[in-house]
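The values are calculated or read from the model by the stated rules, or taken from the named source; none is laboratory data. For clarity, every value in this text was computed on a predicted model and none was experimentally measured. Backbone-built Cβ (ideal geometry, glycine too); neighbour counts: all protein chains shown. With ligands, DNA and RNA removed, areas are computed over all heavy atoms of the protein, side chains included. Shrake-Rupley method; radii C 1.70, N 1.55, O 1.52, S 1.80 Å.
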Amino acid sequence: MRFSPGEWRREIDWQLKRALPWSRPVRKRPTPLSELQTQLSRDARNRFEQLHEQYDLKAWDGICTPIEHRESLYVLDLLDRHVPRPPRHLEIQALDVGSKSWPYLPGLYSWLSTSWTGVELDAHVRYLDFTTRRAHGETMAAHHPGCRYLAENILNITGQYDVITWLLPFVTPAPLESWGLPARFFAPERMLQHIHGLLAPGGCLFISHNTQAEARAQAVLLDQCNLNYVDRLSMRSPFAPERERHPGWLVKKQG
């Protein structure tokens, strides 16, 4: 197979990141959630008050930067609206696919306080302060009992999970390439089949997209994988008004 210059560049960058995984220690300046609250729109403040009454958000103050507060509120908002929460008395295993630096783990954990596993393929992306995604993800996981961050290909993950979240999967090649990943990692049908295989009987898989075009591509994949018990979602959150109304899916696995 002949590679284009762009593909060669992405492959070289990938190999360099893998060869140089070192990161500086993560140093953050967490801010009180109350500071963000004053900057929210009226709709967002009303929704914040609802979530604050229903969920324990106290730990966020010692963990989150303003961006992490917003990401966590956004994810908590969507899950609260669209995903049935498992009964608290059950031992639940939860998986988050494509976690990046895991800025929204506080939102996941507030929604479901259990052992979350975050998986990120491109975990050695380096920021301007010489920290990496992996370092940030592991730091965030360390603040949440039982949680772990894995720098790994999801296709290598095994086990059974009762809840799986998969935010913004690559279902068309262009976004994957724009994020700098080699084309050999574009395998949406294989990934969907594998992730559905990780879903325990009675569990649910939550998928979100940015665009209707991505949702249409995902619909084709769901059909190709013969997945039933699928609900199409139309989502909106006041914590991310720039995303407007965007699509998603809730895939349920029969017990």
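Restricting the first member to region 24-50 and to residues that are in contact (Cβ under 8 Å) with a residue 12 or more places away in the chain and among the acidic types (Asp, Glu), and the second to residues that are assigned to a loop (DSSP other than H, G, I, E, B) and surrounded by 13 or more Cβ atoms within 10 Å (Cβ to Cβ), the beta-carbon pairs closer than 6 Å and six or more apart or on different chains are Asp43/Pro238.
Inside region 236-255, residues that are within 30 Å of Leu40 (Cβ to Cβ) and surrounded by fewer than 18 Cβ atoms within 10 Å (Cβ to Cβ) make up a count of 8. Can you tell me which of Leu79, Leu108 is at pLDDT 95 or above, crowded, with 23+ Cβ neighbours inside 10 Å and assigned to a helix (DSSP H, G or I)? Of Leu79, Leu108, the one residue that is at pLDDT 95 or above, crowded, with 23+ Cβ neighbours inside 10 Å and assigned to a helix (DSSP H, G or I) is Leu108. Taking Arg10, is it open to solvent by less than 60 Å² (accessible area, probe 1.4 Å), under 26 Å from Leu192 (Cα atoms), in contact (Cβ under 8 Å) with a residue 40 or more places away in the chain and not hydrophobic (A, V, I, L, M, F, W, C)? So Arg10 passes the test.
Of all the listed residues (Leu233, Leu222), the sole one being closer than 21 Å to Ala44 by Cβ and of a type in the set (A, V, I, L, M, F, W, C) is Leu233.
Of all residue pairs spaced 6 or more apart or on separate chains, those with beta-carbon atoms under 8 Å, a first member in region 89-100 that is under 13 Å from Thr165 (Cα atoms) and touching a residue at least 24 places away in the same chain (Cβ under 8 Å) and a second member that is buried (at least 23 other Cβ atoms within 10 Å of the Cβ) and polar (S, T, N, Q) are Ala94/Thr165; Leu95/Thr165; Asp96/Thr165; Val97/Thr165.
Table: residues versus (1) open to solvent by 20 Å² or more (accessible area, probe 1.4 Å); (2) in contact (Cβ under 8 Å) with a residue 24 or more places away in the chain.
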| site | (1), (2) |
| --- | --- |
| Leu128 | yes, no |
| Glu138 | yes, no |
| His143 | yes, yes |
| Tyr149 | no, yes |
| Glu152 | yes, yes |
| Leu155 | yes, yes |
| Val163 | no, yes |
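Among the residues of region 90-102 satisfying the criterion of being open to solvent by 20 Å² or more (accessible area, probe 1.4 Å) and part of a loop (DSSP other than H, G, I, E, B), which is nearest to Ala142 (Cα to Cα)? Out of the qualifying residues, it is Ser101. Checking each residue in region 198-217 for being open to solvent by 20 Å² or more (accessible area, probe 1.4 Å) and part of a strand (DSSP E or B) picks out Pro201, Gly202. I'd like to know if region 115-122 contains one or more residues that are without any contact (Cβ under 8 Å) to a residue 60 or more places away in the chain and in a loop (DSSP other than H, G, I, E, B). No, the conditions are met nowhere in region 115-122.
The requirement of being over 30 Å from Gly159 (Cα atoms), touching a residue at least 24 places away in the same chain (Cβ under 8 Å) and not in a helix (DSSP H, G or I) is fulfilled nowhere in region 218-232; no residue meets it. Given the condition touching a strand residue (DSSP E or B) at 6+ places or on another chain (Cβ under 8 Å), of a type in the set (D, E, K, R) and assigned to a helix (DSSP H, G or I), answer yes or no: does some residue in region 186-196 qualify? No, because not a single residue in region 186-196 is touching a strand residue (DSSP E or B) at 6+ places or on another chain (Cβ under 8 Å), of a type in the set (D, E, K, R) and assigned to a helix (DSSP H, G or I). Scanning region 29-68 for residues that are within 22 Å of the chain's Cα centre (by Cα), farther than 18 Å from Asp80 by Cβ and open to solvent by 60 Å² or more (accessible area, probe 1.4 Å) yields a total of 3. Of all residues in region 233-245, those satisfying the criterion of being modelled with pLDDT under 95 and either part of a strand (DSSP E or B) or of a type in the set (D, E, K, R) (or both) are Glu242, Arg243, Glu244, Arg245.
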